[in-house]
Every structure is written in structure tokens, then in C-alpha cells.
């Protein structure tokens, strides 16, 4: 998906995706619900798309973040210095839940 993108585009897309998740926006999540059970269980390495509605195979945001993260692992010199990498579904789900909880606290 990302092979032909220039490095600046890779940075921009990855940073935007991370911001989206960390802000608790719910964009790109099942039913626009970043606190959905699929992510709570995914953070514990449990996956069942049929039962919980989302999975690493179905979530495009995860797939993009993982592909970009893998690029930055292979090209360490190109990696944004402070960007958390999303290498697994568990990483993605933990980041999703942290963003969701931060948003809940902000709104309380």
C-alpha cells in the first residue's frame, strides 16, 4: 500500500493515524466506538471478528499503521523519533483504549 509514497507522505499519514487514535476520535473503529469490546479483548490477544465485529484482518487503520510501522523498523534512520510503533493488534488495541480513556476523562 505504501511502497510508492515519498518519505514525507509516510510521516504525515502515520502521524495523522497516531493522532486519530490517541485523541479518542473513534474514526476508523468498529461502529465508531473506540471503546468497543473488540479492542478491550484485542489488547489481551483475543480476536474473534465474527463475535466482536473487528479484527486485524478487517481494520484498515490497523493495517496502515502496521505497514508504516514495519517500514520504520526496516528503515530505522527514517523513523519519527517519538512515534509509537504499532506492530501488533495488541499494540493497536492498547493505544486505542488509552485514547478512549483519555477522551472519557477529558469529557468528564
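The values are calculated or read from the model by the stated rules, or taken from the named source; none is laboratory data. Please read these numbers as outputs of a predicted model, since none were measured by experiment. Glycine also receives a Cβ, built like all others from the backbone with ideal geometry; neighbour counts cover every protein chain displayed.
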- Task: With the checklist (1) without any contact (Cβ under 8 Å) to a residue 60 or more places away in the chain; (2) assigned to a helix (DSSP H, G or I) in hand, flag the one item residue 82 doesn't pass.
- Result: (2)
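Collect the residues in the range 59-79 that are without any contact (Cβ under 8 Å) to a residue 24 or more places away in the chain and touching a helix residue (DSSP H, G or I) at 6+ places or on another chain (Cβ under 6 Å), keeping them in residue-number order.
Residue satisfying the conditions is 79 alone.
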- Boolean, residue 25 is assigned to a loop (DSSP other than H, G, I, E, B), under 24 Å from residue 104 (Cα atoms) and out of contact with any strand residue (DSSP E or B) (no Cβ under 8 Å at 6 or more places or on another chain): yes
- For the range 68-81, how many residues meet the condition of being over 11 Å from the mean Cα position of the chain (by Cα), within 15 Å of residue 3 (Cβ to Cβ) and surrounded by 14 or more Cβ atoms within 10 Å (Cβ to Cβ)? 3
- Message: Among the listed residues 5, 12, 17, 87, identify the single one that is in a loop (DSSP other than H, G, I, E, B) and either exposed (fewer than 14 other Cβ atoms within 10 Å of the Cβ) or within 11 Å of the chain's Cα centre (by Cα) (or both).
- Response: 87
- Item | Candidate set: the range 28-54, residues that are in a loop (DSSP other than H, G, I, E, B) and under 11 Å from the mean Cα position of the chain (by Cα); chosen: the one farthest from residue 65 (Cα to Cα) | 34
- For the range 79-93, state whether one or more residues are at pLDDT below 95 and at positive phi. no
